[in-house]
């Protein structure tokens, strides 16, 4: 792909996967890491990298697949620092509140990227950040309401 170069003697697939976030930032400077990629700060084991940006699109570069969905009207993002052998890179990522909503998006490949352990970890961080489950639920619901994601923000019964 134009603008992405690899040493001739390097393992191309490994290099692309190692620098996946840097490549995504180069290709989509206004997008941010979302779904499981915001938790992992990188790709899933299968090579998928999840972004949210201006439009829905997919891009495959060898074993890396960049999957982008359309951003909500009022995204909640935070900054993260990712390091690789080229140095540190600052990137925007979905905030904890937004990750929680992304995990429950209906008919969403982004939602299926979360495993149960990730969902439990996000819920625990939300409760810790907001001091109790009720305050955490209120914060998540406000973001859901602002973005028209009311189904994702609705309370769920524990089973």
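Under the condition of being outside any helix (DSSP H, G or I) and closer than 18 Å to residue 120 by Cβ, the residues counted in segment 130-149 number 1. Contact map, segment 60-75: residues that are at negative phi and surrounded by fewer than 17 Cβ atoms within 10 Å (Cβ to Cβ) paired with residues that are in a strand (DSSP E or B) and modelled with pLDDT of 95 or more, Cβ distance under 8 Å, separation 6+ or inter-chain. Pairs shown: 60/66; 70/52; 70/53. Per the listing 48, 97, 105, the residue uniquely crowded, with 16+ Cβ neighbours inside 10 Å and out of contact with any strand residue (DSSP E or B) (no Cβ under 9 Å at 6 or more places or on another chain) is 97. Here residue 114 meets each of (1) out of contact with any strand residue (DSSP E or B) (no Cβ under 6 Å at 6 or more places or on another chain); (2) at pLDDT below 95; (3) not in a helix (DSSP H, G or I) with one exception, condition (2). Reported count of residues in segment 2-41, each being in contact (Cβ under 8 Å) with a residue 40 or more places away in the chain and at positive phi, is 2.
In segment 20-44, which residues are in a loop (DSSP other than H, G, I, E, B) and crowded, with 20+ Cβ neighbours inside 10 Å? Answer for segment 20-44, where residues must be in a loop (DSSP other than H, G, I, E, B) and crowded, with 20+ Cβ neighbours inside 10 Å: 31, 34, 43.
Tallying residues that are within 21 Å of residue 3 (Cβ to Cβ), assigned to a strand (DSSP E or B) and touching a residue at least 12 places away in the same chain (Cβ under 8 Å) within segment 45-59 yields 4. With respect to the conditions (1) in contact (Cβ under 8 Å) with a residue 12 or more places away in the chain; (2) surrounded by fewer than 17 Cβ atoms within 10 Å (Cβ to Cβ); (3) under 24 Å from residue 16 (Cβ atoms), residue 78 lacks only one, and its number is (3).
The values are calculated or read from the model by the stated rules, or taken from the named source; none is laboratory data. All of these numbers come straight from a predicted model, not from anything done at the bench. Cβ: placed from backbone, ideal geometry, glycine included. Neighbour counts: every protein chain shown.
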